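Asker: Here's a structure for you.
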Amino acid sequence: MPEFSSSHPLPVAEKLPLTGPRLSLTAYNGDDLAALLPFFQDISSLRYYLPTTIRPFNLEQLEGLLSGWNDGQSNFVFAIRHEGQICGLVNLDDLDFPNSHAEIGIAITTRLQRGQGFASEALGLLLDFAFGELNLQRIWCRIISGNEPSVRLFTRAGFVQEGVLRRHVRRSGDFRDMLVYGLLRDEYLAAKTL
């Protein structure tokens with residue numbers, strides 16, 4: 001069962017910009033790139049984060065990658081900030097407004113801030129935004145098999161496994177499955193009223 005609770009089913013306009021007890025979701029900017037670069041140069045971190053070929057990025061490549069992820073039309077990237085400093089990214093990709101769904105992704109990019117519940121808080125803020133402000137009906141995510149922290153994060157938020165893309169990603173010479181999880185708006189609302 002999701003651990004998000006609120007006296008209001010979804011956020012009201014006064015709560016935007018997206019802020020929680022410890023975190024805020026804001027636009028990322030060029031000044032954030034240097035802080036994000038160590039994450040995008042760490043192959044062990046990227047192993048489960050990027051669903052494509054993993055490789056270390058330089059600053060110019062990272063700027064291009066994030067620019068593509070944040071076109072402002074169907075793809076949005078938010079900086080996760082703790083005490084004003086970026087500690088991760090959360091994104092909505094391939095927003096399909098006619099069909100009312102989008103893919104979600106998240107990474108806590110600072111090792112010292114992992115394991116503190118930041119991913120759960122940031123995920124809740126973005127789900128409130130997606131189901132409330134954007135009025136989407138379905139949010140889905142892809143998780144590379146073996147990424148148990150992400151499976152736990154999304155299942156605690158109420159996502160259910162909907163499918164498996166078998167042997168979809170190659171990592172260290174082995175093929176791994178890509179797990180597909182989804183959450184419907186009415187499921188999320190029902191959980192928030194508990």
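Asker: Exactly one of (1) crowded, with 19+ Cβ neighbours inside 10 Å; (2) under 14 Å from the mean Cα position of the chain (by Cα); (3) more than 30 Å from residue 34 (Cα to Cα) is unmet by residue 185. Its number?
Answerer: Only one criterion is unmet by residue 185, namely (2).
Asker: Let me ask another. Does at least one position in the range 48-60 carry a residue that is under 21 Å from residue 111 (Cα atoms), more than 16 Å from the chain's Cα centre (by Cα), part of a loop (DSSP other than H, G, I, E, B) and of a type in the set (A, V, I, L, M, F, W, C)?
Answerer: yes
Asker: Could you say whether any residue in the range 127-136 is in contact with a Lys or Arg (Cβ under 7 Å, 6 or more places away or on another chain) and within 13 Å of residue 25 (Cβ to Cβ)?
Answerer: The first filter runs over the range 127-136 and keeps only residues in contact with a Lys or Arg (Cβ under 7 Å, 6 or more places away or on another chain), leaving 131, 136.
Among the residues that remain, those that are also within 13 Å of residue 25 (Cβ to Cβ) are: none.
No, the range 127-136 has no match at all.
Asker: So which residues in the range 46-76 are over 16 Å from residue 142 (Cα atoms), surrounded by 15 or more Cβ atoms within 10 Å (Cβ to Cβ) and of a type in the set (S, T, N, Q), if there are any at all?
Answerer: Answer for the range 46-76, where residues must be over 16 Å from residue 142 (Cα atoms), surrounded by 15 or more Cβ atoms within 10 Å (Cβ to Cβ) and of a type in the set (S, T, N, Q): just 70.
Asker: Just to verify a result, which residue in the range 25-41, among those that are modelled with pLDDT of 90 or more and farther than 20 Å from residue 92 by Cα, is surrounded by the most Cβ atoms within 10 Å (Cβ to Cβ)?
Answerer: 37
Asker: Right, here's the next one. For the range 116-171, which positions are in contact (Cβ under 8 Å) with a residue 24 or more places away in the chain, basic (Lys, Arg) and under 25 Å from residue 21 (Cβ atoms)?
Answerer: Of everything in the range 116-171, just one residue is in contact (Cβ under 8 Å) with a residue 24 or more places away in the chain, basic (Lys, Arg) and under 25 Å from residue 21 (Cβ atoms), namely 156.
The values are calculated or read from the model by the stated rules, or taken from the named source; none is laboratory data. What you see is a predicted model, and the numbers here were worked out from it, not measured in a lab. Counting neighbours? That spans all protein chains shown, and the Cβs are built from the backbone with ideal geometry, glycine included.
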